[in-house]
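A quick write-up on the structure given underneath.
Please treat every number below as a calculation from the coordinates, not as lab data. Quick caveat: nothing in here was measured; it's all calculated off a predicted structure. Here the Cβ is made from the backbone with ideal geometry for all residues, glycine too, and neighbour counts use every protein chain on show.
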Amino acid sequence: YQELFKRATEFLPRKEQFKLEFGIPKNSNVILYCGRLSKEKSPSVLLEAFHRLELEKKVLVFLGDGLLRKPLEEYVAKNRLDSVFFLGFKNREDIPIYYSISDVLVVPSAHEATGAVINEAMCFDLPIVVSDQVGFGMDLVQAGYNGFCFPVGDRDALAGSIKTLFSMPVEKRL
């Protein structure tokens with residue numbers, strides 16, 4: 001993870017610039033999902049929680065691809081969610097820039113043994129919101145300290161965790 005720490009030092013000061021390059025409004029609250037768009041990863045739980053989330057300037061970035069991309073995009077179109085970005089699959093060396101534009105990583109998986117993205121996001125000082133079925137999530141995420149844990153599949157609890165996180169002063173989020 002040493003290389004990620006170096007990239008974080010390089011990229012974090014350019015956060016707002018990178019947001020603008022991706023078409024993400026300045027001062028947005030960026031929620032990142034990084035992984036395969038598949039049933040066991042539960043991206044639809046996150047999307048539905050995001051839809052329910054009462055938060056100004058909210059943005060959801062899906063980084064990854066998979067069989068659920070089309071149904072997720074259809075949900076976005078049907079519900080007229082204009083602040084959801086599907087950025088597709090990215091190579092490992094390209095992912096750090098997306099951590100740098102984000103304010104929180106969400107790992108909503110129904111089944112996840114390790115959740116390596118948690119360690120990666122921590123290199124960028126990102127708080128983490130994780131389901132209680134993510135293996136290392138229970139070890140690495142301490143509620144109220146560096147993120148929150150929610151019951152798997154509970155969209156309201158996930159939305160509540162994200163809202164609580166963003167209601168905290170920035171310096172208290174991690």
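Extension gain, THR164-GLU93: 0.36 nm per intervening residue step, less the Cα-Cα distance, totals 22.4 nm. Using the beta-carbon distance between TYR75 and GLN2 and R0 = 41 Å, what value does 1/(1 + (r/R0)^6) give for FRET efficiency, to the nearest 0.05? Between TYR75 and GLN2 the formula returns 0.60. Protection proxy ranking for 101-107, 19-25, using the average of other Cβ atoms within 10 Å per residue and placing the highest first: 101-107, 19-25. Distant-in-sequence amide contacts of GLY135, defined by a placed amide H-H separation under 5 Å and a gap of 5 or more residues or a different chain, comprise GLU112, ALA113, THR114.
Volume per residue for the chain equals 105 cubic angstrom (convex hull of Cα atoms). Each Lys or Arg adds one and each Asp or Glu takes one away; over the other residues whose Cβ falls under 14 Å from the Cβ of LYS19, this sums to +2. Along region 63-76 the Karplus relation, 6.51 cos²θ - 1.76 cosθ + 1.60 evaluated at θ = phi - 60°, assigns HN-Hα couplings of 10, x, 9, x, 4, 8, 4, 4, x, 5, 5, 5, 4, 4 Hz to successive residues, with x for each Gly and Pro. Remark on PHE148: its backbone amide H falls under 5 Å from those of ILE128, VAL129, VAL130, a criterion applied only to residues 5 or more positions apart or on other chains, H modelled at 1.01 Å from N.
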